[in-house]
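Scroll down for the structure; my scribbles are underneath it.
The values are calculated or read from the model by the stated rules, or taken from the named source; none is laboratory data. What you are looking at is a predicted structure, and each value in this text was computed from that prediction instead of being measured. Every residue, glycine as well, gets a Cβ built from its backbone with ideal geometry; the counts of neighbours run over all protein chains shown. Note: areas computed on protein heavy atoms with side chains; ligands, DNA, RNA excluded. Shrake-Rupley method; radii C 1.70, N 1.55, O 1.52, S 1.80 Å.
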Amino acid sequence: MDFALDKEQETLQEVVRDFLSAKSGEEAVRAYMEDPAGYDPALWRQMAGELSLQSLAIPEEYGGDGFTFVELGIVLEELGRSLAVTPFLASCVMAAQTLLALDDEEARREFLPRLARGDLIGTVAMAGEAGSWRPEDVATTARRDGDAWILDGTTSFVIDGAVADVLLVVARADDGLGVFTLTPDVDGVSRTPLDCMDQTRKQARVVFDGARARRLGTAAGAERAVTAMLQHTAIAVAAEALGGTAKVLDMAVEYAKTREQFGRPIGSFQAIKHKCATMLVELESSRSAVMYALWAVSAGHEDVPMVASLAKSFCVDAYLSAASENIQIHGGIGFTWEHPAHLYLKRAKNLQSFLGSSDQHRQLLADHLGV
């Protein structure tokens with residue numbers, strides 16, 4: 001594989017970066033942090049209509065553009081860099097990847113074209129109150145009632161769960177895990193926005209109390225689809241973390257060049273140089289991990305389970321470390337609400353716990369390697 005982007009991919013990165021810089025700067029991010037919806041519908045429509053970002057990695061037969069997970073990762077990196085408040089991760093990664101992995105052609109043809117157009121926002125409800133994303137910890141139950149299924153239980157930390165138009169619910173049936181779909185307006189579904197440390201990414205608690213749903217695919221297919229979704233989302237999170245790490249390094253270096261103490265820029269002091277150098281090493285290591293992981297998904301390589309956990313644990317930890325160092329380099333101003341440094345620290349901390357902690361992913365990696 002080639003770790004360098006080709007000309008088309010470089011152009012995509014430049015276009016997305018310029019677009020987000022113009023449409024989703026810090027002022028816009030802060031505005032939609034406070035908005036109950038948690039995203040800008042106009043920006044979402046522009047992402048679909050002007051740039052076709054929602055359709056980028058959806059196959060052409062389902063209304064998409066047929067690009068690979070590498071191109072999707074480029075977009076995710078730029079979204080992580082800008083902290084753009086959008087439901088992209090939930091809808092274009094979690095929901096779309098679940099549908100693509102399921103053995104349900106009817107569901108793909110029903111939902112994917114609408115996800116690709118940005119007309120429909122989807123998300124996955126799986127984690128329980130304790131926040132575990134492990135399939136064996138799924139507590140929501142499903143029981144058959146004629147042609148329908150009845151869901152009972154509580155899911156939490158549902159990304160963009162308060163605004164999603166369709167829910168893909170992972171629940172436990174008599175024959176194993178299943179993926180079930182329903183709209184949030186049906187009887188027996190209640191959604192409550194959660195107060196989160198990371199206000200740039202909204203989450204919700206979704207409770208099912210006798211809610212009627214439709215099962216997608218088979219039990220065996222659901223197990224594979226949920227596993228694939230978790231691995232692909234872990235890699236998507238790593239790509240977001242890469243963008244965030246790059247941004248906080250840029251912020252730190254720029255400030256170190258201009259902030260003066262004792263008559264010279266603080267960047268000339270060895271302690272600051274060491275901090276920035278460490279951040280750069282971790283950034284480049286993260287980039288290598290992300291690029292290999294994106295390629296592995298695109299190529300259908302057997303390393304996906306291993307590199308998903310490797311990339312997620314390493315890149316998110318590197319992001320959290322860099323975001324913390326960025327605040328230290330900025331000194332007193334870095335601790336203020338008015339400065340954006342804390343927004344990146346909070347996103348990094350959120351990503352560290354999302355889909356399981358870094359220690360859990362390192363254990364998954366060790367299990368995969370047979371250590």
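Sites listed here are trypsin sites (Lys or Arg not before Pro) in segment 37-112 whose DSSP assignment is loop and whose Cβ has at most 13 other Cβ atoms within 10 Å, and the list is empty.
Convex hull volume per residue, computed on the Cα atoms of segment 131-203, equals 92 Å³.
In a shell of Cβ-Cβ distance under 13 Å around residue 176, excluding residue 176 itself, what net charge do Lys and Arg (+1) and Asp and Glu (-1) give? Kindly include the intermediate steps, with their values, before the conclusion.
Details: positive: 172, 215, 224; negative: 136, 174, 175, 223.
Overall, the nearby charge balance is -1.
Listed values for segment 148-153 are Karplus-derived 3J(HN,Hα) couplings in whole Hz (6.51 cos²θ - 1.76 cosθ + 1.60, θ = phi - 60°), namely 9, 10, 10, 9, 9, x, and x replaces Gly and Pro. Given the options 160, 174, 152, which has the most mean-square fluctuation in a GNM of the chain, springs set between C-alpha atoms less than 10 angstrom apart? Among 160, 174, 152, the largest GNM mean-square fluctuation belongs to 174. When a/c reaches 1.5 or more, the comparison of a/b and b/c decides; with that in mind, is segment 34-121 rounded, prolate or oblate per its Cα gyration tensor? Since a/c reaches 1.5 and a/b is larger than b/c, the shape of segment 34-121 is classed as prolate. Binning the alpha carbon pair distances of segment 248-371 at 10 angstrom intervals from zero yields the distribution 13, 35, 29, 16, 6, 1, expressed in whole percent. The trypsin sites (Lys or Arg not before Pro) of segment 256-339 that meet both conditions, a loop assignment by DSSP and at most 15 other Cβ atoms within 10 Å of the site Cβ, are 259.
Karplus-derived 3J(HN,Hα) values for segment 320-337, using 6.51 cos²θ - 1.76 cosθ + 1.60 with θ = phi - 60°, are 4, 5, 5, 5, 5, 5, 4, 5, 4, 5, 6, x, x, 5, x, 8, 8, 5 Hz; glycine and proline are entered as x.
Computed over the chain, the P(r) tail beyond 25 angstrom holds 53 percent of alpha carbon pairs.
Along the chain, counting only chymotrypsin sites (Phe, Trp or Tyr not before Pro) with a DSSP assignment other than H, G, I, E or B and at most 16 other Cβ atoms inside a 10 Å radius, the longest segment between sites is 4-261. Geometric descriptor of segment 154-193, per residue, is 81 Å³ (volume of the convex hull of the Cα atoms). Subtracting the Cα-Cα distance of residue 183 and residue 269 from 0.36 nm times their residue separation leaves 25.3 nm of extension gain.
Other residues lying with their Cβ under 11 Å from the Cβ of residue 83 contribute a combined charge of +2, Lys and Arg counting +1, Asp and Glu -1. Please report the net charge: other residues with Cβ closer than 12 Å to the Cβ of residue 160, K and R +1, D and E -1. Around residue 160, the surrounding residues sum to +2.
In this label model, residue 338 and residue 143 are separated by 5.9 nm, measuring between points 7 Å along each Cα→Cβ vector.
In the chain, the portion of solvent-accessible area held by carbon and sulfur atoms comes to 51 percent [1.4 Å probe, whole percent, DNA, RNA and ligands not counted]. Which entries in the list 275/349; 275/312; 202/257; 7/257; 7/349 go over 29 Å, if you measure between the two C-alpha atoms of each? Beyond 29 Å: 202/257; 7/257; 7/349. Treating each Cα of segment 304-371 as one equal point scatterer and applying the Debye formula with no solvent, the log10 of I(q)/I(0) at q = 0.12, 0.16, 0.17, 0.22 Å⁻¹ comes out as -0.38, -0.58, -0.62, -0.83.
Residues within the reach of a label modelled at residue 65 (point 7 angstrom out along Cα to beta-carbon, backbone nitrogen below 14 Å), restricted to segment 91-118, are 116-118. Shown here are the Rg and Dmax of the Cα trace of segment 178-295, at 22.6, 69 Å.
For the pair residue 109 and residue 302 in one chain, pulling the backbone fully straight at 0.36 nm per residue adds 66.7 nm over the alpha carbon distance. Relative to the dominant Cα principal axis of the chain, helix 105-117 is inclined by about 40°.
Accessible surface for segment 214-371, divided over its residues, is 43 Å² per residue with a 1.4 Å probe. The GluC sites (Glu not before Pro) of segment 273-371 that DSSP puts in a loop, and whose beta carbon has at most 11 other beta carbons within 10 Å, are 302, 338.
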